[in-house]
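Below you'll find the structure, written out as structure tokens, and then a few comments.
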Amino acid sequence: MVYTLGIDIGSTTSKCCLIDENREIVGTSLIKSGTGTRGPEKAMEAIEKESGIKKEDTAKIIVTGYGRKNFDGDGDMSELSCHAKGMKFLFPDVRTIIDIGGQDSKVMKLSEDGKLLTFLMNDKCAAGTGRFLDVMAGILGMDIDELSETALLSDTPAKISSTCTVFAESEVISRLSSGTAIPDLVAGICESVATKVSSLVKRVGVMEKVCMSGGVAKNAGVRRAIENNLDIKLYHSELSQLAGALGAALSAMDKYEKENA
Ligand code: ADP
């Protein structure tokens, strides 16, 4: 059996995905530390442990993500290409991908056969990214997954009017002291991220099926707010955060097959 490995070294997490020649996912790993740390090595160790397949037993390794240039593989690929490939594999009829990671957000539009037609990215401002949610979770003393659950308890999100993360931080602290209900505040925080990302989607033009990749796909509050903003059904998968690593593993298998045809 031939195996290939995809590694996605992000700003906050390192992810690995191992596939076999039938394009079955053999193992995945996710370590909560990203580029510039031992995260990538730890993610490789974790996948070795889970699958029993060693790095030396893989035919090819493709690296993607923010930290891809610092890791020695058999090649690297852009996050856009890898997310597009991974999401097309998970959702064959996807046409728009919303990828919200720890440090940026991207919207990609694909052709029917999965080619990247156009994209827009926000990597200039923490608002509209996972970073905004992480900072707010810190202020509220919550884990990031608690933030997601709490948002769903509210039907009346508090409006966060500051667009800047630093000012929004002060606004949330002041709302806390004035007694705004925590679920309303959390739903408002999710709404704020959703509004920024939805405006990127509108600029690209909404084309269904719309699917979410990146770690923030785990946040049900953000997903619900995007669905309401765009009036669409938004799809995601348990593997959404691993879509980049999956795309890299699939590209590595394509490359191996091409070279050995
Ligand atoms: P990167 O590749 O830049 O490291 P990821 O795509 O891994 O980013 O996404 C990281 C973000 O995902 C975090 O900033 C956090 O907001 C969000 N996230 C991670 N795990 C969860 C979870 N269990 N519930 C909700 N959000 C999560």
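The values are calculated or read from the model by the stated rules, or taken from the named source; none is laboratory data. For clarity, every value in this text was computed on a predicted model and none was experimentally measured. Note: ideal-geometry Cβ built from the backbone for every residue, glycine included; neighbour counts use all protein chains shown.
Go through the residues of segment 42-56 one by one and say whether even a single one is in contact with a Phe, Trp or Tyr (Cβ under 9 Å, 6 or more places away or on another chain) and within 16 Å of the ligand (Cβ to nearest atom). Give the derivation first.
The initial filter retains those residues of segment 42-56 that are in contact with a Phe, Trp or Tyr (Cβ under 9 Å, 6 or more places away or on another chain), namely 51, 53.
Filter once more, so that each one left must be within 16 Å of the ligand (Cβ to nearest atom): none.
No - not one qualifying residue is present in segment 42-56.
Taken as a whole, the structure places ARG131 among residues that are within 9 Å of the ligand (Cβ to nearest atom) and surrounded by 15 or more Cβ atoms within 10 Å (Cβ to Cβ).
Do any helices (runs of 4 or more DSSP H) entirely within segment 99-199 hold 1 or more residues that are out of contact with any helix residue (DSSP H, G or I) (no Cβ under 7 Å at 6 or more places or on another chain) and closer than 18 Å to GLU227 by Cβ, and if so, which?
Working: elements: 130-140, 144-151, 165-177.
Because the criterion is at least 1 residues that are out of contact with any helix residue (DSSP H, G or I) (no Cβ under 7 Å at 6 or more places or on another chain) and closer than 18 Å to GLU227 by Cβ, the helices (runs of 4 or more DSSP H) in segment 99-199 that meet it are 144-151.
Would you point out which residue out of VAL222, VAL197 is under 17 Å from ALA158 (Cα atoms), surrounded by 19 or more Cβ atoms within 10 Å (Cβ to Cβ) and at pLDDT 95 or above? The match here is VAL222. Against the condition within 17 Å of the chain's Cα centre (by Cα) and away from the ligand (no atom under 16 Å from the Cβ), how does TYR256 come out, does it pass? No.
Just checking, which of SER14, SER33, SER81, SER29 is closer than 17 Å to ASP254 by Cα, hydroxyl-bearing (Ser, Thr, Tyr) and within 16 Å of the ligand (Cβ to nearest atom)?
One residue alone meets the criteria, SER81.
Being at pLDDT below 95 and either part of a loop (DSSP other than H, G, I, E, B) or under 14 Å from the mean Cα position of the chain (by Cα) (or both) is true for just one of GLY86, GLY73. Which residue is that?
Details: GLY86 fails: at pLDDT below 95.
One residue alone meets the criteria, GLY73.
Given the criteria of a type in the set (A, V, I, L, M, F, W, C), in a loop (DSSP other than H, G, I, E, B) and under 30 Å from VAL26 (Cβ atoms), does ALA261 qualify? When the stated conditions are applied, ALA261 passes them.
One line per residue, one yes/no per condition, for (1) touching a residue at least 60 places away in the same chain (Cβ under 8 Å); (2) surrounded by fewer than 18 Cβ atoms within 10 Å (Cβ to Cβ); (3) in a strand (DSSP E or B); (4) not hydroxyl-bearing (Ser, Thr, Tyr):
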position: CYS16; (1), (2), (3), (4): yes, no, yes, yes
position: ILE19; (1), (2), (3), (4): yes, no, yes, yes
position: ASN22; (1), (2), (3), (4): no, yes, no, yes
position: VAL26; (1), (2), (3), (4): no, no, yes, yes
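Screening segment 242-261 for residues that are surrounded by fewer than 24 Cβ atoms within 10 Å (Cβ to Cβ) and of a type outside the set (D, E, K, R) and picking the one that is nearest to ILE62 (Cα to Cα) gives SER251. Consider segment 84-117 and keep the residues that are more than 16 Å from ALA248 (Cα to Cα) and out of contact with any strand residue (DSSP E or B) (no Cβ under 8 Å at 6 or more places or on another chain). The one that is surrounded by the most Cβ atoms within 10 Å (Cβ to Cβ) is GLY101.
In segment 17-26, the qualifying residues are those that are away from the ligand (no atom under 15 Å from the Cβ) and touching a strand residue (DSSP E or B) at 6+ places or on another chain (Cβ under 6 Å), and the one that is farthest from ARG131 (Cα to Cα) is ASP20.
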